[in-house]
């Protein structure tokens with residue numbers, strides 16, 4: 001890419017594997033799991049979702065849907081977390097709108113032990129089991145306990161530029177393959 005791409009004040013050009021007129025997708029500096037990528041508007045002054053123009057918003061969500069479909073296909077995930085922390089009070093750590101796409105699996109991976117516990121909270125889903133399930137959730141610390149199962153930022157190691165460039169190149173190639181395999185995939189690139 002000839003023009004530098006910024007994520008807030010950081011140049012991330014070599015991390016980008018997809019780019020449109022208003023949006024780009026890039027590999028993550030400190031991914032939670034393999035396949036954890038970000039979708040970001042090209043305009044660094046778009047801090048929150050409401051900062052996007054109508055055209056930028058359309059492009060952003062088309063790109064988000066294309067990349068979420070691609071990441072699910074490429075990483076063979078069972079589900080995805082798609083998260084936007086819309087402003088600093090919502091946990092946004094970089095002052096530039098971005099959506100996290102994180103592959104998830106039926107068989108838990110890193111940080112997902114809590115989901116096994118949730119799935120075993122009584123096979124019956126009636127209202128009478130709600131109090132028991134709630135108490136089990138609280139017994140593991142509730143929301144705070146769930147946070148303890150995830151790797152803290154201090155333990156997530158930043159990757160080198162070379163590693164991210166190689167991942168971006170691989171995703172670029174595989175994304176082309178994904179788009180070319182059906183007209184349904186191509187529609188999101190228009």
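The values are calculated or read from the model by the stated rules, or taken from the named source; none is laboratory data. Just so we're clear, the structure is a prediction, and the values are computed from it rather than from any experiment. Cβ placement follows ideal geometry from the backbone for every residue including glycine, while neighbour counts extend to all protein chains displayed.
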When you look at residue 68, is it closer than 29 Å to residue 180 by Cβ, out of contact with any helix residue (DSSP H, G or I) (no Cβ under 8 Å at 6 or more places or on another chain), assigned by TED's automatic domain parsing to the domain that holds residue 178 and surrounded by fewer than 16 Cβ atoms within 10 Å (Cβ to Cβ), yes or no? no
Taking segment 15-31 and keeping residues modelled with pLDDT under 95 and either outside any loop (DSSP other than H, G, I, E, B) or buried (at least 16 other Cβ atoms within 10 Å of the Cβ) (or both) leaves 28, 29, 31
With the condition kept exactly as written, say whether any residue in segment 41-51 is outside any helix (DSSP H, G or I) and under 18 Å from residue 174 (Cα atoms). no
